[in-house]
Amino acid sequence: MTQFLSLAVGGLFLGAIYALVALGFVTIFRATGVINFAQGSVLLVGAYLIGRLHDPIGFWPAVLVAIAAAALISLLVDALLIRRVRAADLGTLAILTLGVDILLSTEMTREIGTDVIGVGAPWGADVVELAGIRVPASRVIAGAVALVLVAALAAAVKLTDWGVAMRSAAEDGETAGLMGIRLNRVAAGAWALAGVLAAIGGLFLASFPAAGVTPGLGLVALAAIPAVVLGGFDSPGGAVVGGLIIGVVSVLCAGYQDELSFLGRGIGTVAPYVVMLLVLLVRPSGLFGTRELTRV
Amino acid sequence: MSRRWYAITTVVLALAVGACGKGSDDGGDSSGGVKTGPGTTADTITLGYLPDLSGVFAPNGKSMMEGAKLYWDAKNEAGGICGRKVELKTQDTGYDPQKAVAAYQQISGDVVGLGLVLGSSITSALLPSVKQEDMFLNFAGWTSDILPNENVAIAGTTYDIEAINAIDFLMREHGLKAGGTVGHLYFEGDYGENALQGSKYAADKHDLKIVEQKITPADTDMTGAVAAFRRAGVKAILFSAAPPQAASLAGVATSQKLDVPIVANGPGWTPQLLTTPAAGALAKRYYVVSSMAPLNDESEGVQKFLAAYEQAYPKGTPSSNGSLYAYAGAQIADAALTKACENKDLTRKGVLDALHSLTALDTGGTIAGKLDFSDPSQPPSRLVYTARVRKDAPGGLAVIGEPGTSDDAESYQFGGS
Amino acid sequence: MSRAPRAAVAVGVVVVVAALPLYLESFWLQTALFSMGAIVAAIGLTLLVGIAGQLSLAHAFFVAVGAYGYAFLAGTEAAGEDGPAGLGLPPLLALVGAVALAGVAGALFSPISGRVRGIYLGLASLGLVFLGQHVLQNATSVTGGYEGVAVEPFGLAGFGFSDSDPDLTIFDVPYGRLERLWYLGAVLVALAVWYGRNLVRSRPGRALATVRDGEIAAAVHGIDVVRYKAAAFTVSSMYAGLGGVLTALAFGRIVPESFGFLLSIDFLVMVVIGGAGSVGGAAAGAVFVTALPLVLNHYSGSLPLLAEPGGGGIGASEASRFVYGAAIVAVLLFARDGLSGLVRRSQSREVKESLI
């Protein structure tokens, strides 16, 4: 039983990180209707910068630089590229971000090369004990950070002007524009925010118990996609729930590999997608996505 | 489509057709009494190299090319092979079978054999053509799944033999007893699953239980695996994956108080691991079993390699399964080509036959043991080096004792997969 | 344009295509064969995405079904020797069977494709690719697992499409496996293009376009939306299956890694760059995506800037990734509806200019 609890708790904390990455996807989609395939390489850039800079300028300054850089890159993708083709269809926009992703990740792979770059976090490989379950300190901190960020975001969206602007732009862009809402500003804010979330997610994904920053880190953002889909693409709450579910599912499946070996080995990778498909069969727009009600 | 497009298309096609004429075949003829064929002339011998320089294994690939250049540059300076200079034709496969096949098509006409092919899915994709062309292929990998094979040369022994020897090492030196449980963390694919065959065989022989954890290169967090190992009460862990996973495994195991020895196959180590936070944990409990020599080994071949490497690449980092591997592979190719020249037959078949006639090739210690290529269904050796992690040793590994092998490893039969 | 010159040009094209293997070296033939497989599969996807309006990331899965289906149906190895057992069917039958299998797989996906829409469908289909990888790696007795499986050479009525079965020399050029497969590929591509074009203009094609433009409106018009979406997936996956067979034959041996997520993305790129809904565009996109890295690698020795493999700096593969990424961005920024959109616009400009 403790084994199950330990895995489940570990999965929840991992899920919190996935939730952050998933939130990035959802934020961009709600504000501008784009699936941002470049999220993964922005994550990688953020983690990489922390890895390379924590020695010369210290950990916390490095984190700040990384967050700023990720936000900037994300913003530039929107301002320079997406803005020109806002009216294009979903597939075109998605592939456009894919092109950016290819450029960024190729350059990152070149830079990282053989190295496994540690992020130099002050909590290192420390372990905390919660009711008999040992959890890496980095994961607990990740969970706490995720909680704070999600709460802050929820509050901001509800209460601030920018939040209201974003919600109305998401509901009906044309009308919002007619009402005087600067759509470009809203978009820029959303993309920058997604960059911030990606960088933070990257920091925690590259921390212990992972080895450090490797080129494969960009692919982890891919693992957040089932989370976004099953939560509902335009629902931030869905992204969080989806992230947690996916985190728990992958860790449980990896931990119980032996018992589940009749399903084939290595189901930890494919289980999130199966869960996603199952959810979609029952709720075609994800758990919390806006349902299109059409009856003809 | 408008008439203009048709016209343009036809013109372009005509130009292309004119530009790429089919090359004429290099027929076999004699030069100085030695039969030559594609890839060999009176003054040159051309070898094909197909590493991965931009894909998943790019760091290994680049390191390997350093080792290859090191060997052949020195050899050419010393006069080459029977008066002929050795040239390399290198193509990047990007670890993509499609690219690999196209790259192979590009160089196959001009080379006498393949001095290096990285990756068993790549090698698999090329085998039908390589077989047809009678070329030898130096396989930059150590899986026995590729055996039996007339054309493939493995530099040392295979992952399953390494795993058997790893279990033997644990039983001899780390108190692993019959009835105990061993965890095996392995990659999906030819590398990990081949090692697993070995560990299962040894476990069978000694009444041990193996707890399997299969992962993919994308998995960087070993928490779930360590939890499973702890639950099963493993006394040791076998590791058949890559360095990032090694760092995670060592770190998580330490944090979860699973203080057991970890024994890895050759590819599980890279000197860069000493710069990660897991370095301390690795130095305490990580061992490597491989037929490639640790770089602090005192044998003549290894020291010669190390000296040459440090001179040619003062800023580089030598590695056992990167630059040293390619260097050793070149030694094998050199031996085969030299023998072929002695037999006055430098055709592809001639070189292949010469390779199979080598029964006691001594690489000076870069590969454990003397290599016997006469039986295509066996790897050329069953000996391995055992090493521990040591921060100040070149390449980060310090050899333990002499290369050897266990009785189980000697008696192991390759059943194919 | 009048009949006679058109026919003459068509004949010219056929003659050139038939004669090309006499001149192309094996690298170019190999690259061309891979491109042909990609073209066939890409046409299927452009029909699905452009005409039926269904975003799909599952294409690599159906390509894999075709490739592995052919290998299994045509394979003659006994179980356990060199890989999994095959059924030993005649190659042509195996080809048809593999295409049918892929179509069935596409039809089976219809419960999901019927209920799930738009972006959810696109990303749900991604799940198929990962599921496919899992099955390919684990169902060792059928797929050979990670070791992959050898692909039986094609053959028609005793005439083998491998290097020497029978030996064949035309105009002094030895006709090996690649040369012979060229013709099979050319025929299949021609069929795929012709059928695709017809489908776009036919009634079902227009019905699909109506579904794409508005499912509710289409339903109001009495179009059975669910059935049409299912049919679109089926046709598209049959195309993918055929492309898979051709790719498998071009390889000679297939492994699971070739049919992963990256391949699905590649197909989507081909379609979007070419212009969704355009058969010619899909073909152009397919050639671009498939051949670019291979060609750049080929010329890496002679292009300046590019480092030789084994040296430092930017290698050919990295350069080709950069060019690939930059090209995607450039095409989509300046030609939102892909290359075919560019062509259409320049043609209509021609017409406008000629009218002035």
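Being more than 12 Å from the chain's Cα centre (by Cα), surrounded by fewer than 24 Cβ atoms within 10 Å (Cβ to Cβ) and facing another protein chain (nearest Cβ under 9 Å) is the filter here; which residues of the stretch A:216-245 pass it?
A:GLY216
Whether any residue in the stretch A:110-125 is part of a helix (DSSP H, G or I), charged (D, E, K, R) and within 30 Å of B:GLY61 (Cβ to Cβ) is what I want to check. It would help to see each step written out before you state the result.
Quick first cut of the stretch A:110-125, residues part of a helix (DSSP H, G or I) only: A:110-112.
From what's left, charged (D, E, K, R): A:110-111.
Then keep just the ones that are within 30 Å of B:GLY61 (Cβ to Cβ); that gives A:110-111.
Checking the stretch A:110-125: at least one residue is part of a helix (DSSP H, G or I), charged (D, E, K, R) and within 30 Å of B:GLY61 (Cβ to Cβ).
For the stretch B:249-262, how many residues meet the condition of being of a type in the set (Gly, Ala, Ser), crowded, with 24+ Cβ neighbours inside 10 Å and at the interface with chain A (Cβ under 8 Å from one of its Cβ atoms)? Talk me through it step by step, then tell me what you get.
Filtering the stretch B:249-262 for residues of a type in the set (Gly, Ala, Ser) gives B:250-251, B:253, B:255.
Retained after the next criterion (residues that are crowded, with 24+ Cβ neighbours inside 10 Å): B:250-251, B:253.
Next, only the ones that are at the interface with chain A (Cβ under 8 Å from one of its Cβ atoms) stay: B:251.
Number satisfying all stated conditions: 1.
Just wondering, is there one or more residues in the stretch B:82-100 that are free of Cβ contacts under 8 Å to residues at least 12 places away in the same chain and out of contact with any Leu (no Cβ under 9 Å at 6 or more places or on another chain)?
Going through the stretch B:82-100, the residues free of Cβ contacts under 8 Å to residues at least 12 places away in the same chain turn out to be B:98-99.
From what is left, the residues that are out of contact with any Leu (no Cβ under 9 Å at 6 or more places or on another chain) are none.
Scanning the stretch B:82-100, I find no residue that is free of Cβ contacts under 8 Å to residues at least 12 places away in the same chain and out of contact with any Leu (no Cβ under 9 Å at 6 or more places or on another chain), so the answer is no.
Out of (1) within 14 Å of chain C (Cβ to nearest Cβ); (2) hydrophobic (A, V, I, L, M, F, W, C); (3) within 17 Å of A:ILE50 (Cβ to Cβ), the odd one out for A:LEU98 is which?
Looking at each condition in turn, A:LEU98 falls short on (3).
Specify which of the listed residues (A:VAL34, A:VAL42, A:VAL63) is crowded, with 22+ Cβ neighbours inside 10 Å, assigned to a helix (DSSP H, G or I) and β-branched (Val, Ile, Thr).
Working: A:VAL34 fails: assigned to a helix (DSSP H, G or I); A:VAL63 fails: crowded, with 22+ Cβ neighbours inside 10 Å.
Unique residue meeting the criteria: A:VAL42.
Take residues that are more than 30 Å from A:ALA227 (Cα to Cα) and not hydroxyl-bearing (Ser, Thr, Tyr) and tell me which of the helices (runs of 4 or more DSSP H) falling wholly in the stretch C:60-161 contain 3 or more. Break it down stepwise before answering.
On the way: elements: C:91-108, C:110-115, C:118-138, C:140-143.
Because the criterion is at least 3 residues that are more than 30 Å from A:ALA227 (Cα to Cα) and not hydroxyl-bearing (Ser, Thr, Tyr), the helices (runs of 4 or more DSSP H) in the stretch C:60-161 that meet it are C:91-108.
Could you list, in sequence order, the residues of the stretch C:198-247 that are among the basic types (Lys, Arg) and in contact with a Gly (Cβ under 7 Å, 6 or more places away or on another chain)? Let's see the steps before the verdict.
Step one: list which residues in the stretch C:198-247 are among the basic types (Lys, Arg), which gives C:201, C:203, C:206, C:212, C:227, C:229.
Result: C:ARG212, C:LYS229.
Please count how many residues of the stretch C:110-119 are under 24 Å from the mean Cα position of the chain (by Cα) and within 10 Å of chain A (Cβ to nearest Cβ). Step through it out loud before you land on a result.
Taking the stretch C:110-119 as the starting set, the residues that turn out to be under 24 Å from the mean Cα position of the chain (by Cα) are C:110, C:112-113, C:118-119.
Still in the running and within 10 Å of chain A (Cβ to nearest Cβ): C:112, C:118-119.
Summing the residues that are under 24 Å from the mean Cα position of the chain (by Cα) and within 10 Å of chain A (Cβ to nearest Cβ) in the stretch C:110-119 gives 3.
Look through the stretch C:269-327, keep the residues that are assigned to a loop (DSSP other than H, G, I, E, B) and at pLDDT 75 or above, and return whichever of them is nearest to B:ILE107 (Cα to Cα).
Among those residues, the one meeting the criterion is C:TYR299.
Pick from the stretch B:53-92 the residues that are of a type in the set (Ser, Thr, Tyr) and either in a helix (DSSP H, G or I) or within 14 Å of chain A (Cβ to nearest Cβ) (or both): which of them is farthest from A:ILE112 (Cα to Cα)? Steps first, answer last, please.
Of all residues in the stretch B:53-92, those of a type in the set (Ser, Thr, Tyr) come to B:54, B:63, B:71, B:90.
Those still in the list that are either in a helix (DSSP H, G or I) or within 14 Å of chain A (Cβ to nearest Cβ) (or both) too: B:54, B:63, B:71.
Values: B:SER54: 12, B:SER63: 15, B:TYR71: 27 Å.
Residue satisfying both the conditions and the ranking: B:TYR71.
Residues checked against (1) free of Cβ contacts under 8 Å to residues at least 24 places away in the same chain; (2) over 30 Å from C:LEU181 (Cα atoms):
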| site | (1), (2) |
| --- | --- |
| C:ASP213 | no, yes |
| C:ASP224 | yes, yes |
| C:ARG227 | yes, yes |
| C:PHE233 | no, no |
| C:PRO256 | no, no |
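If I ask for residues that are buried (at least 19 other Cβ atoms within 10 Å of the Cβ) and either under 17 Å from A:ALA47 (Cβ atoms) or in contact (Cβ under 8 Å) with a residue 24 or more places away in the chain (or both), which ones from the stretch A:121-140 would you list? Explain how you work it out, then say what you get.
Initial filter on the stretch A:121-140 (buried (at least 19 other Cβ atoms within 10 Å of the Cβ)): A:121, A:125, A:127, A:135-136, A:138-139.
If the condition is that a residue be buried (at least 19 other Cβ atoms within 10 Å of the Cβ) and either under 17 Å from A:ALA47 (Cβ atoms) or in contact (Cβ under 8 Å) with a residue 24 or more places away in the chain (or both), then A:ALA121, A:ALA125, A:VAL135, A:PRO136, A:SER138, A:ARG139 are the ones that fit.
Which pairs have Cβ atoms under 8 Å, sit 6 or more apart or on different chains, and link a residue in the stretch A:249-276 that is at the interface with chain B (Cβ under 7 Å from one of its Cβ atoms) to one that is among the basic types (Lys, Arg) and outside any helix (DSSP H, G or I)?
Once the first residue is at the interface with chain B (Cβ under 7 Å from one of its Cβ atoms) and sits in the stretch A:249-276, its partners that are among the basic types (Lys, Arg) and outside any helix (DSSP H, G or I) give A:GLN257/A:ARG265; A:GLN257/B:LYS214; A:ARG265/B:LYS214; A:GLY266/B:LYS214.
Tell me, yes or no, whether the stretch B:149-171 has at least one residue that is within 12 Å of chain C (Cβ to nearest Cβ) and surrounded by fewer than 20 Cβ atoms within 10 Å (Cβ to Cβ).
Restricting attention to the stretch B:149-171, the residues satisfying the condition of being within 12 Å of chain C (Cβ to nearest Cβ) are B:149.
In the following step, the residues that additionally are surrounded by fewer than 20 Cβ atoms within 10 Å (Cβ to Cβ) were identified as B:149.
There is at least one residue in the stretch B:149-171 that is within 12 Å of chain C (Cβ to nearest Cβ) and surrounded by fewer than 20 Cβ atoms within 10 Å (Cβ to Cβ).
Scan the stretch C:242-266 residue by residue and report those that are at pLDDT below 90 and at the interface with chain B (Cβ under 10 Å from one of its Cβ atoms).
Kept after step one, since they are at pLDDT below 90, are these residues of the stretch C:242-266: C:251-258, C:260-262, C:265.
Selection gives C:PHE251, C:GLY252, C:ARG253, C:ILE254, C:VAL255, C:PRO256, C:GLU257, C:SER258, C:LEU262.
Among the residues of the stretch A:180-200, is any among the aliphatic types (A, V, I, L, M), closer than 30 Å to A:VAL128 by Cα and within 14 Å of chain B (Cβ to nearest Cβ)?
The first filter runs over the stretch A:180-200 and keeps only residues among the aliphatic types (A, V, I, L, M), leaving A:181, A:183, A:186-188, A:190, A:192-194, A:196-200.
Those still in the list that are closer than 30 Å to A:VAL128 by Cα too: A:194, A:196-200.
Cutting the leftovers down to within 14 Å of chain B (Cβ to nearest Cβ) gives us none.
Within the stretch A:180-200, none of the residues are among the aliphatic types (A, V, I, L, M), closer than 30 Å to A:VAL128 by Cα and within 14 Å of chain B (Cβ to nearest Cβ).
Is it true that B:LEU282 is within 9 Å of chain A (Cβ to nearest Cβ), in contact (Cβ under 8 Å) with a residue 60 or more places away in the chain and more than 21 Å from B:ALA178 (Cα to Cα)? Spell out how you get there, then give the answer.
Values: within 9 Å of chain A (Cβ to nearest Cβ): no; in contact (Cβ under 8 Å) with a residue 60 or more places away in the chain: yes; more than 21 Å from B:ALA178 (Cα to Cα): yes.
The answer is no for B:LEU282.
When the residues of the stretch A:255-277 are narrowed to those that are part of a helix (DSSP H, G or I) and of a type in the set (A, V, I, L, M), which ends up farthest from B:THR223 (Cα to Cα)? Quick ask: steps written out before the conclusion?
Within the stretch A:255-277, the first condition is being part of a helix (DSSP H, G or I), and the residues that meet it are A:255, A:261-263, A:267-277.
Restricting the remaining residues to those that are of a type in the set (A, V, I, L, M) gives A:263, A:267, A:270-271, A:274-277.
Values: A:LEU263: 21, A:ILE267: 15, A:VAL270: 18, A:ALA271: 17, A:VAL274: 22, A:VAL275: 21, A:MET276: 23, A:LEU277: 26 Å.
Only one residue tops the list, namely A:LEU277.
To keep it simple, each residue is scored yes or no on (1) of a type in the set (Ser, Thr, Tyr); (2) at the interface with another protein chain (Cβ under 10 Å from one of its Cβ atoms); (3) under 30 Å from C:LEU339 (Cα atoms).
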| site | (1), (2), (3) |
| --- | --- |
| C:SER26 | yes, yes, yes |
| C:VAL40 | no, no, yes |
| C:PHE61 | no, no, yes |
| C:GLY66 | no, no, yes |
| C:ALA85 | no, no, no |
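Does the stretch C:120-159 hold any residues that are more than 14 Å from chain A (Cβ to nearest Cβ) and at pLDDT 80 or above, and which are they? Lay out the reasoning, then the answer.
Quick first cut of the stretch C:120-159, residues more than 14 Å from chain A (Cβ to nearest Cβ) only: C:144, C:147-159.
The answer is C:GLY144, C:GLY148, C:VAL149, C:ALA150, C:VAL151, C:GLU152, C:PRO153, C:PHE154, C:GLY155, C:LEU156.
Within the stretch C:13-63, which residues are of a type outside the set (Phe, Trp, Tyr) and touching a strand residue (DSSP E or B) at 6+ places or on another chain (Cβ under 9 Å)? Step through it out loud before you land on a result.
In the first step, residues of the stretch C:13-63 are kept if they are of a type outside the set (Phe, Trp, Tyr); the result is C:13-22, C:24-26, C:29-33, C:35-60, C:63.
Across the stretch C:13-63, the qualifying residues are C:PRO21, C:LEU22.
Check whether at least one residue in the stretch C:145-157 is surrounded by fewer than 23 Cβ atoms within 10 Å (Cβ to Cβ), under 19 Å from C:PRO84 (Cβ atoms) and in contact with a Ser or Thr (Cβ under 6 Å, 6 or more places away or on another chain), and report yes or no.
yes
Any residue at all in the stretch A:104-112 that is within 30 Å of B:GLY94 (Cβ to Cβ) and surrounded by fewer than 16 Cβ atoms within 10 Å (Cβ to Cβ)?
Narrowing the stretch A:104-112 to residues within 30 Å of B:GLY94 (Cβ to Cβ): A:104-112.
The next check asks that each one be surrounded by fewer than 16 Cβ atoms within 10 Å (Cβ to Cβ); those that pass are A:111.
Within the stretch A:104-112, one or more residues are within 30 Å of B:GLY94 (Cβ to Cβ) and surrounded by fewer than 16 Cβ atoms within 10 Å (Cβ to Cβ).
Would you confirm whether any residue within the stretch A:118-139 is under 17 Å from the mean Cα position of the chain (by Cα), more than 14 Å from chain C (Cβ to nearest Cβ), within 30 Å of C:GLY122 (Cα to Cα) and not β-branched (Val, Ile, Thr)?
no
Let me confirm something: among C:ALA10, C:ALA52, C:ALA107, C:ALA42, which residue is among the aliphatic types (A, V, I, L, M) and touching a Gly at 6+ places or on another chain (Cβ under 7 Å)?
On the way: C:ALA10 fails: touching a Gly at 6+ places or on another chain (Cβ under 7 Å); C:ALA52 fails: touching a Gly at 6+ places or on another chain (Cβ under 7 Å); C:ALA107 fails: touching a Gly at 6+ places or on another chain (Cβ under 7 Å).
Criteria check complete, one pass: C:ALA42.
Against the condition crowded, with 20+ Cβ neighbours inside 10 Å, within 14 Å of chain B (Cβ to nearest Cβ) and in a helix (DSSP H, G or I), how does A:VAL21 come out, does it pass? So that I can check it myself, show each step before the final result.
Values: crowded, with 20+ Cβ neighbours inside 10 Å: yes; within 14 Å of chain B (Cβ to nearest Cβ): no; in a helix (DSSP H, G or I): yes.
No: the conditions fail for A:VAL21.
The values are calculated or read from the model by the stated rules, or taken from the named source; none is laboratory data. The structure displayed is predicted, hence computed values, not measured ones. Cβ: placed from backbone, ideal geometry, glycine included. Neighbour counts: every protein chain shown.
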